[in-house]
Amino acid sequence: MKVVILAGGLGTRLSEETSLKPKPMVEIGGMPILWHIMKIYSAHGFNDFVICLGYKGYVIKEYFANYFLHKSDVTIDLKNNSVKVHDSQAEPWTITLVDTGVESMTGGRIKRIAEHVGNEPFLLTYGDGVGDVNIRELVELHKAKKKFCTVTSVQPSGRFGALNIEDDSNEVVSFLEKPKGDGAWINGGFFVCEPAVFDYIKDDATIWEKEPLEKLASDGQMVAYKHHGFWKPMDTLRDKQELENDWNHKTAKWKIW
């Protein structure tokens with residue numbers, strides 16, 4: 001089963017990092033968040049990737065084309081025009097890098113890679129979010145429910161601490177630092193899709209999270225996999241710093257490899 005990763009957006013809310021590179025190439029612990037996402041899937045045995053490129057997609061192409069330079073010691077013989085790689089740390093990955101257009105919306109990007117996944121179900125996620133999602137369990141649920149699309153649903157923590165205040169006395173009865181949000185389940189990415197979802201996407205201007213998902217839901221063709229563990233998107237510089245802090249302190253819950 002192939003893994004499709006959306007990696008073409010501009011990342012405007014993370015402009016401090018994305019003026020020279022696409023958002024999925026923003027680093028956590030010295031490695032792009034895209035790499036972290038791929039490692040999550042690889043830990044569950046999924047190693048065939050299709051990356052949807054857009055904004056500054058060549059940066060991602062160059063990174064993987066020269067992957068051994070990032071991960072291994074090398075000896076470069078300029079006279080003989082040769083490179084010797086020492087202790088290569090190659091991943092067991094096959095990576096198809098597809099230019100899906102700079103202006104394309106998420107749905108359009110997915111539609112453009114249809115030929116690369118063929119008539120088989122495929123995994124799909126965003127190139128800016130990590131979690132300790134049990135991909136194997138997710139796939140098993142998808143197979144059991146027999147729907148066109150399974151989405152991983154999450155309940156992210158709130159941005160602020162919550163106060164429980166006694167009405168009469170205004171006494172703070174309890175304080176909970178960054179509790180779960182309002183109880184609503186939201187789209188956390190980490191989808192499993194049948195090829196039938198391509199029929200729900202009209203063109204490059206289609207936003208996956210609008211018409212396609214709304215129609216799949218109304219048609220009774222979408223089911224949710226409730227993920228109760230760690231999940232975090234990298235939407236802002238603050239998010240990036242929090243993920244970096246987790247990695248540096250060896251408390252990165254998404255590191256399941």
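The values are calculated or read from the model by the stated rules, or taken from the named source; none is laboratory data. Remember, predicted model here, so these are calculated numbers, not experimental data. As a convention, Cβ positions derive from the backbone with ideal geometry for all residues, glycine included, and neighbour counts pool all protein chains shown.
A quick yes/no check of all residues on (1) at pLDDT 95 or above; (2) more than 13 Å from the chain's Cα centre (by Cα):
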residue: VAL3; (1), (2): yes, no
residue: THR18; (1), (2): no, yes
residue: HIS36; (1), (2): yes, no
residue: LYS39; (1), (2): yes, no
residue: GLY45; (1), (2): yes, yes
residue: CYS52; (1), (2): yes, no
residue: TYR55; (1), (2): yes, yes
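Scanning segment 131-158 for residues that are in contact with a helix residue (DSSP H, G or I) (Cβ under 9 Å, 6 or more places away or on another chain) and at pLDDT below 95 yields a total of 0. Scanning segment 197-233 for residues that are buried (at least 17 other Cβ atoms within 10 Å of the Cβ), closer than 22 Å to GLY108 by Cα and under 17 Å from the mean Cα position of the chain (by Cα) turns up TRP208, PRO233.
When segment 216-238 is filtered for residues that are assigned to a helix (DSSP H, G or I) and at pLDDT 95 or above, the ones remaining, listed by number, are LEU216, ALA217.
The test for being at pLDDT 90 or above, surrounded by 14 or more Cβ atoms within 10 Å (Cβ to Cβ) and either in a helix (DSSP H, G or I) or within 22 Å of the chain's Cα centre (by Cα) (or both) does not hold for TRP257.
A single entry from THR18, THR94 fulfils the requirement of being in contact (Cβ under 8 Å) with a residue 40 or more places away in the chain, within 23 Å of GLY131 (Cα to Cα) and β-branched (Val, Ile, Thr): THR94.
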